[in-house]
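Each remark here refers to the structure printed beneath this line.
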Amino acid sequence: MGRYTLRRLLQLMPVLIGTTFLIHFMVWQLPADPFAGRCGERPCSEAFIARMTEQFGLDQPFYIQYLTWLKNAVQGDFGVTFNQVPVITLIENSYPNTLKLALVALAIEGVIGITAGVLTGLKRGGFIDNLVLVSTLFLMGLPIVVVGFAMKWIFWSELGWISPTVSTEVRWSELIVPGFVLATTSMAYIARLMRANIAENSRADYVRTAVAKGLENKRVVGVHLLRNSMIPVVTFLGLDLGNLMAGAIVTEGIFNINGIGLTIFRAIGRHDATIVVPLATLLVVIYIFSNLIVDLFYAVLDPRIRYE
Amino acid sequence: MSDPVTTGGMATRPQGAAEPVAEAAGAARGLWSDALHDLVRRPLFLIAFAIVGVFVVMAAFPSLFTSVNPEFADLSRSMERPSAEAWFGYDLQGRDVYARTIYGARPSIVVGVLAVIAATLFGGLIGILAGYFGGWIDSLLSRMGEIFLGLPYVLGAIIILSIFAGPRSGASATQIMFIVVLVMAFLGWPLIARIARSSVLAVRHSDYVQAARGLGAGPARVIFRHLLPNALAPIIVMATISIGAYISAEAVLSFLGIGLRAPVISWGVAIADHQSLLRQSAHPLLFPAAFLTIAVLAFVMIGDAVREALDPKLR
């Protein structure tokens, strides 16, 4: 297990370095002038440009800039923005909100997806099965923008149950509708995955043995069948946490949640590379590490899998 | 569009230099004609195919559906509700929502389809090369793909688009569409490459590939005459399913204000333009959103049906 973890971590290194370099290069080097539009309608003053160039090392070759940035980031120093606000403050303000939103979405997609999957997997070909199959297809196809505005229209304009913007405290109850929007696509995938697993495992030898032993149905399904069918679903959920946090930009935009996605998006609009690079890197790192943790988690859930 | 019908010709030589007699006798149907046979018997597929057909005609000849100029604006009619003369009402600028929704089909579908074609060609090529040659070429190309996969899709698209096609860049409508297609393909190719690689790996050591090599066939001949026809199915499936996803990605990017914009009339642009007016009246947003949903659903349903038809395990 230890050696496997180490090998996986080593394999991650080139991917991490490549991705962060790609982001760094695109954001800092590709725009012709990093100061375009930074000072409103006027061009920036010479003194400002000189000070910023000095502070962010913009006169150095790009690989030096990247290495310096990487060195600081590894040591936990994400630097300051062009407005001299530490980036870590921005992260502290927005990150908990994104995490909350992603967790709400994860809970919703887990509960609804697994329930639908179990119900349909146990009784294949019935009315509920077909209903779920068609509605998962529907959910997978729905563009998230459309779901977001449809929900906002129904629950805000028509019913008046929610407010159009989530308040600054970001209460859990306010995140239910945005969380549902964020969860729609994954919900359908989980339902299908669970259905396929249940259907496949219900023909397995150990289930037949359990039934033959005379165990009651509740125990066969709840302990033997469910636990074994959960493995791919848990993997998917774990993968999805990283995905949900990185993909929350649209949902955060529609419901005005002060999360990391919206912060990045606004920073991109202002061409503030000092914010975009560390936050994008953070999302990428979370995304990649959630993949790894899920892989390692496999072995805990399924004793048949041994990484040696 | 990548429908399996046009690729049916591949079925004539699925086994490389296999004898064409079996095909002529009609005794054993190949994978492709089998899939086609299966598809035309699925009502859901036929309905989805008809819907896509309507959208393709709409994209090609929008004037067949409406004679109203989508750019004509009459401010006195701003935000008027749907009525007999304007089925979908008027938008904020007093333009006919029905006409704009019809004309919006072209950019949305063209961008989605072109992006899928670009991503499939590039990703497929990389994946086949990685799978065929193996060794360090495989490692290099696979790591490269992983780097792009590590970049979350929307995030990557926002970063690239804001640099190349931001509001300050002054790009024209065609240029914006071109850049959006390139960016979507640029971020989407690793998924296709991964699938192409694994399906090439699956057939690489088959007897007929060994035989072709033994007879002195070069890499190009082995890849195009023997590997590609037999490794094509998963790639086609992935591409078909992706079309729907790419069309909705276009809407997401337009909604964020970095995809298509103003001179272009598209469903995503209509949603972006009227998002803040949701409370006053929802119709300028709901109708394009409904068209977008139907189009995406139709493509997803086709993809789903093609997947089931081409994957014998699911039968």
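Structure values in brief
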item: Order by protection proxy (mean Cβ within 10 Å, highest first), peptides B:99-111, B:55-67; result: B:99-111, B:55-67
item: Sparse-neighbourhood loop sites, trypsin sites (Lys or Arg not before Pro) in the stretch A:156-262 - DSSP loop, at most 16 other Cβ within 10 angstrom; result: A:Arg171, A:Arg203, A:Lys213
item: Chain B: angle of helix B:173-204 to the longest principal axis, Cα-based, in degrees nearest 10; result: 30
item: Of B:Ile160, B:Ala282, B:Leu253, farthest towards positive along the dipole that unit charges on Lys, Arg, Asp, Glu beta carbons give chain B; result: B:Ile160
item: Chymotrypsin sites (Phe, Trp or Tyr not before Pro) restricted to DSSP loop in the stretch A:101-189 with at most 14 other C-beta within 10 Å; result: A:Trp161
item: Electrostatic dipole magnitude of chain A [Cβ: Lys, Arg +1; Asp, Glu -1; Cα centre; debye, to 20]; result: 1240
item: Neighbour-count order for A:Thr20, A:Thr251, fewest beta carbons within 10 angstrom listed first; result: A:Thr20, A:Thr251
item: Listed residues A:Val294, A:Val146, A:Val111, most fluctuating in chain A (Gaussian network, C-alpha, under 10 Å); result: A:Val146
item: Electrostatic dipole magnitude of the stretch A:168-266 [Cβ: Lys, Arg +1; Asp, Glu -1; Cα centre; debye, to 20]; result: 480
item: The stretch B:82-231 - charge dipole about Cα centre, Lys and Arg +1 at Cβ, Asp and Glu -1, debye rounded to 20; result: 420
item: Principal axis box of the stretch A:6-135, alpha-carbon based, largest edge first, Å; result: 73, 44, 27
item: Environment charge at A:Val207 (Cβ cut-off 14 Å; Lys +1, Arg +1, Asp -1, Glu -1); result: +3
item: Sparse-neighbourhood loop sites, GluC sites (Glu not before Pro) in the stretch A:147-233 - DSSP loop, at most 13 other Cβ within 10 angstrom; result: A:Glu169, A:Glu216
item: GNM top mover of A:Val223, A:Val234, A:Val276 - chain A, alpha-carbon springs below 10 Å; result: A:Val223
item: Options A:Gly269, B:Ala272, A:Ile112, ranked by Cα towards positive dipole end of the protein assembly as shown, top entry (Cβ charges); result: A:Ile112
item: Whole-angstrom gap from the stretch A:233-276 to the stretch B:201-256, using each part's C-alpha centre; result: 33
item: Cα-Cα over 24 Å, subset of A:Lys100/A:Lys123; A:Lys123/A:Lys152; A:Lys123/A:Lys218; result: A:Lys100/A:Lys123; A:Lys123/A:Lys152
item: Angle in degrees between helix B:153-164 and the longest Cα principal axis of chain B, rounded to the nearest 10; result: 70
item: Cubic angstrom per residue, convex hull over Cα atoms of the stretch B:197-286; result: 130
item: Rel. contact order, % - alpha carbon contacts under 8 angstrom, at least six apart, the stretch B:163-273; result: 29
item: Mean Cβ count within 10 Å, highest first, over the residues of peptides B:257-269, B:278-290; result: B:257-269, B:278-290
item: Angle in degrees between helix A:260-269 and the longest Cα principal axis of chain A, rounded to the nearest 10; result: 40
item: Average Cα contact separation per residue, the stretch A:106-238, under 8 Å, 6 or more apart, as relative contact order %; result: 38
item: Choice from A:Ala50, A:Ala248, A:Ala273 with maximal GNM fluctuation in chain A (Cα, 10 Å cutoff); result: A:Ala50
item: Computed over the stretch B:87-297, the ratio Rg/Rh where both radii use C-alpha atoms and Rh is Kirkwood; result: 1.11
item: For chain A: Kirkwood Rh in Å [reciprocal of mean 1/r, alpha carbons]; result: 22.3
item: Isotropically averaged projected area of the protein assembly as shown, using the convex hull of Cα atoms (one quarter of hull area), nm²; result: 33.8
item: Average partner coverage of A:250-256, which counts Cβ from other chains inside 10 Å; result: 2
item: Rel. contact order, % - alpha carbon contacts under 8 angstrom, at least six apart, chain A; result: 26
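Every read-out reported here was derived from the displayed coordinates using simple, explicitly stated rules and does not represent laboratory data. All of these numbers come straight from a predicted model, not from anything done at the bench. Backbone-built Cβ (ideal geometry, glycine too); neighbour counts: all protein chains shown.
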